[in-house]
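Just below is one structure, and these are the notes that go with it.
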Amino acid sequence: MLRNVFTLFILFVSVRGDCGVVTKDEWDGLTPVHVDYLPRPVDLVIIQHTVTSTCKTDERCADIVRSIQSNHIENLGYWDIASSFIVGGNGKVYEGTGWLHVGSHTYGYNSRSIGITFIGNYNSDTPATESIEAVKALLRCGVENGHLSPQYHVVAHRQLMATESPGRKLYNAIRRWPHWLENVSSIKN
(Lines give C-alpha, C1' and ligand atoms only; values in the text may rest on other atoms or scores of the structure.)
Protein backbone atom coordinates (compact mmCIF):
# COMPACT_ATOMS: atom_id res chain seq x y z
CA MET A 1 0.00 0.00 0.00
CA LEU A 2 2.74 2.46 0.97
CA ARG A 3 4.61 1.63 -2.24
CA ASN A 4 1.49 2.40 -4.32
CA VAL A 5 1.04 5.75 -2.57
CA PHE A 6 4.71 6.58 -3.18
CA THR A 7 4.38 5.60 -6.86
CA LEU A 8 1.28 7.79 -7.23
CA PHE A 9 3.13 10.68 -5.56
CA ILE A 10 6.05 10.30 -7.99
CA LEU A 11 3.65 10.20 -10.96
CA PHE A 12 1.84 13.30 -9.65
CA VAL A 13 5.11 15.21 -9.20
CA SER A 14 6.32 14.11 -12.63
CA VAL A 15 3.15 15.24 -14.36
CA ARG A 16 2.89 18.50 -12.41
CA GLY A 17 6.63 19.19 -12.61
CA ASP A 18 6.61 19.87 -16.33
CA CYS A 19 3.93 22.60 -16.08
CA GLY A 20 2.25 21.24 -19.22
CA VAL A 21 5.15 22.38 -21.42
CA VAL A 22 5.76 20.70 -24.80
CA THR A 23 9.27 19.26 -24.32
CA LYS A 24 12.14 19.57 -26.77
CA ASP A 25 11.82 15.85 -27.45
CA GLU A 26 8.16 16.35 -28.34
CA TRP A 27 8.84 19.25 -30.74
CA ASP A 28 12.00 17.53 -32.05
CA GLY A 29 14.42 20.15 -30.80
CA LEU A 30 18.20 19.97 -31.02
CA THR A 31 20.34 19.24 -27.97
CA PRO A 32 22.04 22.42 -26.70
CA VAL A 33 25.69 22.89 -27.62
CA HIS A 34 26.44 23.98 -24.03
CA VAL A 35 24.44 25.02 -20.94
CA ASP A 36 24.84 27.37 -18.01
CA TYR A 37 22.57 26.91 -15.02
CA LEU A 38 20.15 29.58 -13.87
CA PRO A 39 20.08 30.28 -10.12
CA ARG A 40 16.58 29.73 -8.78
CA PRO A 41 14.11 30.93 -7.83
CA VAL A 42 14.11 33.58 -10.54
CA ASP A 43 12.32 36.85 -9.87
CA LEU A 44 12.22 38.37 -13.37
CA VAL A 45 10.13 37.29 -16.38
CA ILE A 46 10.70 39.08 -19.70
CA ILE A 47 7.98 38.89 -22.37
CA GLN A 48 8.88 39.13 -26.08
CA HIS A 49 7.53 38.24 -29.52
CA THR A 50 9.11 36.56 -32.54
CA VAL A 51 7.96 39.02 -35.23
CA THR A 52 7.08 36.01 -37.41
CA SER A 53 3.76 34.71 -38.63
CA THR A 54 1.51 33.25 -35.98
CA CYS A 55 0.59 29.58 -35.70
CA LYS A 56 -2.63 27.85 -34.73
CA THR A 57 -1.81 24.15 -35.19
CA ASP A 58 0.60 21.96 -33.24
CA GLU A 59 2.48 21.07 -36.43
CA ARG A 60 2.92 24.69 -37.58
CA CYS A 61 3.94 25.93 -34.12
CA ALA A 62 6.54 23.16 -33.76
CA ASP A 63 7.88 24.00 -37.26
CA ILE A 64 8.34 27.64 -36.25
CA VAL A 65 10.03 26.71 -32.95
CA ARG A 66 12.43 24.34 -34.78
CA SER A 67 13.19 27.04 -37.34
CA ILE A 68 13.92 29.59 -34.62
CA GLN A 69 16.20 27.15 -32.78
CA SER A 70 18.10 26.28 -35.98
CA ASN A 71 18.61 29.98 -36.76
CA HIS A 72 19.80 30.73 -33.23
CA ILE A 73 22.32 27.87 -33.17
CA GLU A 74 23.49 27.77 -36.80
CA ASN A 75 23.40 31.45 -37.77
CA LEU A 76 23.68 33.40 -34.53
CA GLY A 77 26.06 31.03 -32.74
CA TYR A 78 23.89 30.61 -29.63
CA TRP A 79 24.18 27.44 -27.56
CA ASP A 80 20.45 26.79 -27.91
CA ILE A 81 17.21 28.55 -28.74
CA ALA A 82 17.34 31.95 -27.04
CA SER A 83 14.08 31.89 -25.04
CA SER A 84 13.25 29.92 -21.93
CA PHE A 85 9.78 29.21 -23.31
CA ILE A 86 7.97 29.88 -26.60
CA VAL A 87 4.19 30.25 -26.80
CA GLY A 88 2.14 29.29 -29.83
CA GLY A 89 -1.20 30.62 -31.00
CA ASN A 90 -2.46 27.09 -30.33
CA GLY A 91 -2.29 27.84 -26.58
CA LYS A 92 0.72 25.58 -25.97
CA VAL A 93 4.01 26.47 -24.33
CA TYR A 94 7.16 25.01 -25.90
CA GLU A 95 10.33 24.30 -23.95
CA GLY A 96 13.26 26.48 -24.89
CA THR A 97 16.13 26.61 -22.43
CA GLY A 98 13.48 25.91 -19.78
CA TRP A 99 13.48 26.71 -16.08
CA LEU A 100 17.02 25.49 -15.41
CA HIS A 101 19.27 26.93 -18.13
CA VAL A 102 20.37 30.46 -18.98
CA GLY A 103 18.93 31.71 -22.26
CA SER A 104 20.08 34.37 -24.74
CA HIS A 105 16.89 36.42 -24.94
CA THR A 106 17.82 39.78 -23.35
CA TYR A 107 21.45 40.89 -23.23
CA GLY A 108 22.48 41.75 -19.67
CA TYR A 109 19.51 39.97 -18.07
CA ASN A 110 19.84 36.36 -19.23
CA SER A 111 21.53 35.01 -16.11
CA ARG A 112 18.77 36.29 -13.84
CA SER A 113 15.55 35.95 -15.82
CA ILE A 114 13.16 33.73 -17.71
CA GLY A 115 12.38 34.84 -21.27
CA ILE A 116 8.95 33.95 -22.64
CA THR A 117 8.44 34.58 -26.33
CA PHE A 118 5.07 34.64 -28.10
CA ILE A 119 5.07 33.43 -31.71
CA GLY A 120 3.75 36.25 -33.90
CA ASN A 121 4.01 39.96 -34.50
CA TYR A 122 1.98 41.67 -31.81
CA ASN A 123 2.27 45.11 -33.34
CA SER A 124 -0.38 43.82 -35.75
CA ASP A 125 -1.65 40.51 -34.30
CA THR A 126 -3.91 40.24 -31.27
CA PRO A 127 -2.63 37.67 -28.76
CA ALA A 128 -4.86 34.61 -28.51
CA THR A 129 -6.67 34.23 -25.20
CA GLU A 130 -5.43 30.61 -25.08
CA SER A 131 -1.82 31.79 -25.33
CA ILE A 132 -2.23 34.38 -22.58
CA GLU A 133 -3.90 31.82 -20.30
CA ALA A 134 -1.17 29.24 -21.05
CA VAL A 135 1.53 31.69 -19.92
CA LYS A 136 -0.39 32.62 -16.78
CA ALA A 137 -0.69 28.90 -15.94
CA LEU A 138 3.04 28.42 -16.65
CA LEU A 139 3.91 31.25 -14.26
CA ARG A 140 1.65 29.86 -11.51
CA CYS A 141 3.25 26.44 -11.95
CA GLY A 142 6.72 28.03 -11.91
CA VAL A 143 5.98 29.54 -8.49
CA GLU A 144 4.44 26.29 -7.19
CA ASN A 145 7.51 24.31 -8.26
CA GLY A 146 10.07 26.78 -6.89
CA HIS A 147 11.35 27.99 -10.27
CA LEU A 148 9.93 31.49 -9.80
CA SER A 149 9.90 33.58 -6.65
CA PRO A 150 6.37 34.30 -5.42
CA GLN A 151 7.36 37.99 -5.72
CA TYR A 152 8.53 37.73 -9.36
CA HIS A 153 8.07 40.66 -11.76
CA VAL A 154 6.87 40.62 -15.37
CA VAL A 155 8.34 43.16 -17.76
CA ALA A 156 8.29 43.75 -21.49
CA HIS A 157 11.44 43.32 -23.55
CA ARG A 158 11.04 46.96 -24.69
CA GLN A 159 11.46 48.21 -21.11
CA LEU A 160 15.01 46.85 -20.99
CA MET A 161 16.24 47.32 -24.57
CA ALA A 162 15.63 49.53 -27.58
CA THR A 163 13.03 47.34 -29.30
CA GLU A 164 9.30 47.27 -30.01
CA SER A 165 9.06 43.76 -28.53
CA PRO A 166 6.65 42.33 -27.44
CA GLY A 167 4.59 44.47 -29.80
CA ARG A 168 2.00 47.06 -28.91
CA LYS A 169 -0.98 44.70 -28.48
CA LEU A 170 0.83 42.15 -26.31
CA TYR A 171 2.45 44.95 -24.30
CA ASN A 172 -1.02 46.35 -23.57
CA ALA A 173 -2.23 42.91 -22.42
CA ILE A 174 0.65 42.10 -20.04
CA ARG A 175 0.54 45.54 -18.40
CA ARG A 176 -2.66 44.40 -16.65
CA TRP A 177 -1.06 41.28 -15.12
CA PRO A 178 -0.74 41.22 -11.32
CA HIS A 179 3.08 40.86 -11.32
CA TRP A 180 3.62 43.67 -13.84
CA LEU A 181 6.49 46.06 -13.02
CA GLU A 182 5.92 49.46 -14.64
CA ASN A 183 9.02 51.21 -13.31
CA VAL A 184 12.06 49.06 -14.12
CA SER A 185 14.66 51.45 -12.67
CA SER A 186 15.18 49.12 -9.68
CA ILE A 187 16.09 46.16 -11.91
CA LYS A 188 17.76 47.90 -14.84
CA ASN A 189 21.42 47.19 -15.52
Check: For the stretch 50-104, which residues satisfy the criterion of being more than 22 Å from T163 (Cα to Cα), open to solvent by 30 Å² or more (accessible area, probe 1.4 Å) and under 14 Å from the mean Cα position of the chain (by Cα)?
Finding: K92, E95, L100, H101
Check: Only one of (1) more than 26 Å from N172 (Cα to Cα); (2) not charged (D, E, K, R); (3) not in a helix (DSSP H, G or I) fails for T126. Which number is that?
Finding: (1)
Next item on the list: Keeping to the stretch 127-176, report how many residues are of a type in the set (F, W, Y) and farther than 17 Å from V87 by Cα.
Entry: 1
Next item on the list: Please give the number of the condition N71 fails out of (1) out of contact with any Phe, Trp or Tyr (no Cβ under 6 Å at 6 or more places or on another chain); (2) in a strand (DSSP E or B); (3) without any contact (Cβ under 8 Å) to a residue 60 or more places away in the chain.
Entry: (2)
Next item on the list: Please work out which one of (1) in a helix (DSSP H, G or I); (2) at pLDDT 50 or above; (3) over 27 Å from E130 (Cβ atoms) is the condition E59 fails and give its number.
Entry: (3)
Next item on the list: Would you be able to tell me the number of residues in the stretch 84-95 that are free of Cβ contacts under 8 Å to residues at least 60 places away in the same chain and in contact with a helix residue (DSSP H, G or I) (Cβ under 8 Å, 6 or more places away or on another chain)?
Entry: 6
Item checked: Subset of the stretch 135-158 (residues that are among the aliphatic types (A, V, I, L, M), closer than 21 Å to N183 by Cα and either touching a Pro at 6+ places or on another chain (Cβ under 8 Å) or surrounded by fewer than 19 Cβ atoms within 10 Å (Cβ to Cβ) (or both)) -> L148, A156
Margin query: With the requirement that a residue be part of a loop (DSSP other than H, G, I, E, B), farther than 20 Å from D125 by Cα and touching a residue at least 60 places away in the same chain (Cβ under 8 Å), what does the stretch 145-167 give you?
Written below: N145, G146, H147, L160
Check: Residues Y171, Y107: which one is open to solvent by 20 Å² or more (accessible area, probe 1.4 Å) and part of a loop (DSSP other than H, G, I, E, B)?
Finding: Y107
Margin query: Given the options I132, I119, name the one that is among the aliphatic types (A, V, I, L, M), touching a His at 6+ places or on another chain (Cβ under 8 Å) and surrounded by 14 or more Cβ atoms within 10 Å (Cβ to Cβ).
Written below: I119
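The values are calculated or read from the model by the stated rules, or taken from the named source; none is laboratory data. All figures in this text were calculated on a predicted structure; none of them were measured in a lab. When we count neighbours, we look across all protein chains shown, and the Cβ atoms used for this are built from the backbone with ideal geometry, even at glycine. We work out accessible area using only protein heavy atoms, side chains counted, and drop any ligands, DNA or RNA first. Shrake-Rupley method; radii C 1.70, N 1.55, O 1.52, S 1.80 Å.
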